[in-house]
Structure formats: structure tokens, C-alpha cells
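See below for the structure under consideration.
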Amino acid sequence: MDAAGRSVVERVEKNWEREVEFLREMVRRPSTLGHEALVQRFIAQELEGMGLETDVWEIDHAEIARLPGYSPVEWSFAGRPNVATTWKSSSDEGRSLILNGHVDVVPATPEHHWTQNPWGGEVMHGRMYGRGAADMKGGVAAMIYAVRALREAGIQLAGDVMLETVIEEECTGNGTLAARARGYEDLRLSRRKLGGGRGPLQGAPICRSRG
């Protein structure tokens with residue numbers, strides 16, 4: 001591993017407890033269908049604290065209804081935002097990367113069958129208990145803190161990195177469809193490669209685990 005890679009790993013290690021707490025706070029914000037706004041606002045604040053400009057928007061039903069992959073719904077998208085941000089490359093020579101995760105979770109009922117509070121995010125014996133801790137708020141925490149580690153390590157990108165936290169993965173997929181309609185994509189995928197060979201670090205998000 002080169003010096004840049006070691007620096008990234010050091011930042012992952014240093015931020016581990018902070019990442020766990022971030023995940024816990026997401027779990028403590030129930031985000032079943034129609035109730036995603038609280039956790040989305042929390043995530044947006046985290047991204048802004050990393051120096052990233054956030055895009056928080058409500059899905060335009062009429063816009064996505066015309067697109068391939070749209071799933072018809074009987075409810076409103078009002079008050080249920082998607083969140084995205086772009087960490088821009090200074091060189092714009094490489095291919096971009098989208099890290100996408102969903103914040104919606106299925107209900108925890110019947111809650112009296114749980115041995116731990118499904119909205120508590122408690123850690124016991126190296127495991128976190130709570131609805132969404134694995135699927136997929138754990139993944140959301142990993143991708144955000146991977147970007148945090150890269151930024152804190154001073155890594156220079158060859159292409160843009162986009163972070164998206166979306167609604168409605170558990171039922172329709174319309175959240176991710178809306179992100180594509182919003183313009184979060186790379187039209188250069190077929191002709192550029194991430195990193196461009198020597199120079200900026202090439203790799204994948206680092207997810208740290210214990211046990």
C-alpha cells in the first residue's frame with residue numbers, strides 16, 4: 001500500500017467511533033414509507049459538515065412518471081426528499097462514480113417481538129441492533145465515511161464522486177429513478193476510466209468492521 005492508501009486507512013480508523021455514532025443516530029430516526037424526511041435532513045447536515053454542498057429535493061411525480069422504470073404509486077412525494085451531493089474533481093479527466101444508498105426501512109412491527117428497541121441503535125457484543133442498521137443505513141454510513149476519509153487524507157480525484165441517499169427502495173425504486181432524472185449520472189462511462197492510470201488514487205470505498 002502506498003502513502004496515499006495508508007493515509008486513507010488511518011482516517012478510516014480515526015473516524016470509526018464517529019461513524020458508528022452516525023449510524024446509530026440514523027437508526028434512531030425511523031424512516032418507514034412516508035417518514036423519511038427526518039433522517040434525510042440529518043444526513044444532509046452531515047454532508048454539509050464535510051464541506052459538501054447538498055441538493056435536497058422532493059420528487060417530481062409527473063417527471064418520473066414518463067420514464068422507463070417508473071413504478072406507479074398511490075401516495076404523495078411531498079415532504080419526502082432525496083439528498084445528493086457531488087464532490088467535484090479538479091481535473092475532470094476520469095470517470096465519475098455514484099455511491100447510492102436508500103434510507104427507507106420496512107416497519108418493525110410487531111415491536112414487542114424484538115429483544116432490543118428496534119429504533120434504539122444499541123451496540124452489544126460488537127453488533128448494532130435496530131431496524132435499518134444493516135439494510136441499508138450501515139451502507140449509507142460506510143459510503144459517506146469513505147468519502148470523508150478520502151477528503152481528510154487529501155486525495156485528489158480524477159473524476160467526480162456523487163453521493164445519493166434516496167427514498168423508496170423497499171417498494172418502488174422511484175427514489176433512484178428521480179436521482180437519474182435530476183442529472184446524477186456520467187455520460188462518459190464508456191470512454192473514460194477512473195483514476196486515469198498513475199496519479200490520483202484508484203480504489204473502492206473502505207468499509208471497516210470488527211470481529
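Restricting to the range 123-150, and then to whatever is surrounded by fewer than 24 Cβ atoms within 10 Å (Cβ to Cβ) and either over 17 Å from the mean Cα position of the chain (by Cα) or aromatic (Phe, Trp, Tyr) (or both), can you tell me which residue is nearest to residue 33 (Cα to Cα)? Going through the qualifying residues, I end up with 129.
Does residue 73 satisfy the criteria of being more than 21 Å from the chain's Cα centre (by Cα), of a type outside the set (Lys, Arg) and at pLDDT 95 or above? Spelling it out, residue 73 is indeed more than 21 Å from the chain's Cα centre (by Cα), of a type outside the set (Lys, Arg) and at pLDDT 95 or above. In the set (1) surrounded by 13 or more Cβ atoms within 10 Å (Cβ to Cβ); (2) in contact (Cβ under 8 Å) with a residue 60 or more places away in the chain; (3) of a type outside the set (A, V, I, L, M, F, W, C), residue 118 fails one condition alone, (2). Count of the range 84-111 residues, restricted to those that are among the hydrophobic types (A, V, I, L, M, F, W, C) and in contact with a strand residue (DSSP E or B) (Cβ under 9 Å, 6 or more places away or on another chain), is 6. Within the range 1-29, residues that are more than 26 Å from residue 133 (Cβ to Cβ) sit with their Cβ atoms under 8 Å from residues that are assigned to a helix (DSSP H, G or I), at 6+ positions apart or across chains, in these pairs: 1/9. Among residues of the range 1-48 being touching a Lys or Arg at 6+ places or on another chain (Cβ under 8 Å) and among the aromatic types (Phe, Trp, Tyr), the one that is surrounded by the most Cβ atoms within 10 Å (Cβ to Cβ) is 42.
For the range 66-92, filtered to residues that are of a type in the set (S, T, N, Q) and assigned to a loop (DSSP other than H, G, I, E, B), the residue that is surrounded by the fewest Cβ atoms within 10 Å (Cβ to Cβ) is 90.
The values are calculated or read from the model by the stated rules, or taken from the named source; none is laboratory data. Note that this is a predicted model, so its numbers are computed, not measured. When we count neighbours, we look across all protein chains shown, and the Cβ atoms used for this are built from the backbone with ideal geometry, even at glycine.
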